[in-house]
Amino acid sequence: MKKIATVIGARPQFVKAAVVSRELRRRGGVREILVHTGQHYDDAMSEVFFRELEIDQPQYNLGIGSLGHGAMTGRQLEALESVLVDEGPDVVLVYGDTNSTLAGALAAVKLHIPVAHVEAGLRSFNRRMPEEINRVVVDHVATTLFAPTEAAVTNLRREGIAHSAIHRTGDVMYDVALYFGRRAATESSVLETLGATPGKYVLATIHRQENVDHPPTLQSIMNGFGGCGMRVILPMHPRTRKQITEAGIVVPENLTIIDPVGYLDMSRLEQCAALIATDSGGVQKEAFFARVPCVTLREETEWVELVELGWNCVVPPRSAAVIATAISERVGSRGVSASPYGDGRAASAIVDRLIGP
Ligand code: UD1
Ligand code: UDP
């Protein structure tokens, strides 16, 4: 029986892995070993996704989180090597662009185990982002590259990766949004709990290192939210909460700051928002799935098709006034209708390729 070792560790990877793991279980004839590196460990950053998205408990939790890039990746690499030697999988499956993705891919290739990369080919072309380094390295050691979009395929081809290794599958996050997102309307009571009225608030998330770890940028973002003229609901990533406390960032009064929420509450908040302001990769796409306009607070985005279609607008987070204006002007705006992320059957296409139809 074919054995697949899946390496996950951070919030977006639990979301992405949920639909592929479910499809692997459904098909049978294959054994998946789930390895959690421990990069994210709070209940609200990890366990809640296993419960809500019906992911099996990992066979291994390496407990390696919250270290500097080198220490985290290095310790994960060492521990993963030992698991892979013991388990001897036929393939190692990794997702996205975190340090856990990099460690999983490097541990595997050094043992001559083929690597399959879900969400291959995404590029910001900004090598100061830790995620960009992780993606480029992983794509260049992977054997099988599952590209979610046409732009991702083009990026990989430009970098000289063999055409036969690249498979355009669509985006697994769309599968998740279709399958679990529709449960949000009946199973989440987050709007009632927060006293939030559909269409009358902005949903915001901020966690990217370049935004959070630079206090003037984080303060500009908070002030931009403060000036947008609407209630802003912000489920706060622990990195951001820590920095707000340590750097003494002032939070304007129209912000409702809450702990990170589970997937169903997040979907509900997205579906009913007037606008989403974020630096998250996944949340940009989920805004589009919910057909809610999005302002991306970054210098660039990897999800270029959403900008081209008019659903997303990239606003470098330098000036509070520019952020506030971008948000208030784009409430009510709409983009062009299209399906750049496939038909909701990306997980099935990935599993076909991994184990045969
Ligand atoms: C990581 C990924 C990023 C991804 C994000 C998703 C890397 C380099 N970055 O960033 O690509 O978009 O996850 O959310 O892999 N913390 C807690 N509890 C937790 C997890 C984190 O308190 O359960 C705090 C710690 O103070 C930690 C900080 O958050 O130092 C940052 O965590 P880390 O995993 O290093 O990076 P993220 O910002 O989460
Ligand atoms: N998410 C969530 N609760 C939150 C914030 C995000 O469930 O409080 C989900 C979100 O819906 C998406 C994923 O986490 O499915 C995105 O992860 P994140 O923004 O941490 O990482 P990125 O996508 O930027 O790598």
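The values are calculated or read from the model by the stated rules, or taken from the named source; none is laboratory data. Keep in mind that this is a model prediction, so the values were computed, not measured. Backbone-built Cβ (ideal geometry, glycine too); neighbour counts: all protein chains shown. Protein only, heavy atoms only, side chains kept; ligands, DNA and RNA dropped before computing areas. Shrake-Rupley method; radii C 1.70, N 1.55, O 1.52, S 1.80 Å.
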Using θ = phi - 60° and the Karplus relation 6.51 cos²θ - 1.76 cosθ + 1.60, list the HN-Hα couplings for region 114-123 in order, rounded to whole Hz, with x at every Gly or Pro. x, 10, 10, 10, 8, 6, 6, x, 6, 9
Mark the label point 7 Å from the Cα of L309 along Cα→Cβ and return the residues of region 262-277 whose backbone N is within less than 16 Å of it. 271, 276
Once the Cα gyration tensor of region 1-90 is diagonalised, what are the square roots of 5 times its eigenvalues, in whole Å and ordered largest first, as equivalent ellipsoid semi-axes? 22, 18, 8
Lys pairs in the chain, Cα-Cα under 26 Å, at least 8 apart or on separate chains: how many? 7
Hz values of 3J(HN,Hα) by residue in region 230-237 - Karplus curve (6.51, -1.76, 1.60), Gly and Pro given as x: 9, 5, 10, 9, 10, x, 9, 4
Expressed as a whole-number percentage, the relative contact order of region 148-268 with C-alpha contacts under 8 angstrom and at least six residues apart is 27
Can you give me the Kirkwood hydrodynamic radius for region 271-357, using every pair of distinct Cα atoms, in Å to one decimal? 14.0
Heavy-atom accessible area order for K110, K285, largest first, 1.4 Å probe: K110, K285
Can you tell which of R158, R51, R168 shows the greatest fluctuation in a Gaussian network model of the chain with Cα springs below 10 Å? R158
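Counting only protein heavy atoms and a 1.4 Å probe, tell me what percentage of the chain's accessible area is made up of carbon and sulfur.
Roughly 50 percent of what the probe reaches on the chain is carbon or sulfur.
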Please list, in order along region 190-205, the HN-Hα scalar couplings obtained from phi with the Karplus expression 6.51 cos²θ - 1.76 cosθ + 1.60 (θ = phi - 60°), rounded to whole Hz, x for Gly and Pro. 5, 5, 5, 4, 8, x, 9, 9, x, x, 10, 9, 9, 9, 10, 9
At q = 0.16, 0.22 Å⁻¹, base-10 log of I(q)/I(0) for region 166-307 (Debye sum, equal scatterers on each alpha carbon): -0.85, -1.47
Percent of all Cα-Cα pairs per 10 Å bin for the chain, counting from 0 up to the last occupied bin, reads 5, 26, 35, 25, 8, 1
Any idea how far apart T325 and E299 come out in nm if each label point goes 7 Å out from Cα toward Cβ? 2.2
On a 0 to 90 degree scale, rounded to 10, what angle separates helix 69-87 from the longest Cα axis of the chain? 40
At R0 = 22 Å, FRET efficiency that the Cβ-Cβ distance of R353 and R31 yields, to 0.05: 0.80
Over 5 Å intervals from 0, what percent of Cα-Cα pairs in region 1-46 sits in each interval? 5, 21, 28, 22, 14, 8, 2
Label point distance in nm, V137-S339, each placed 7 Å from Cα along Cα→Cβ: 3.8
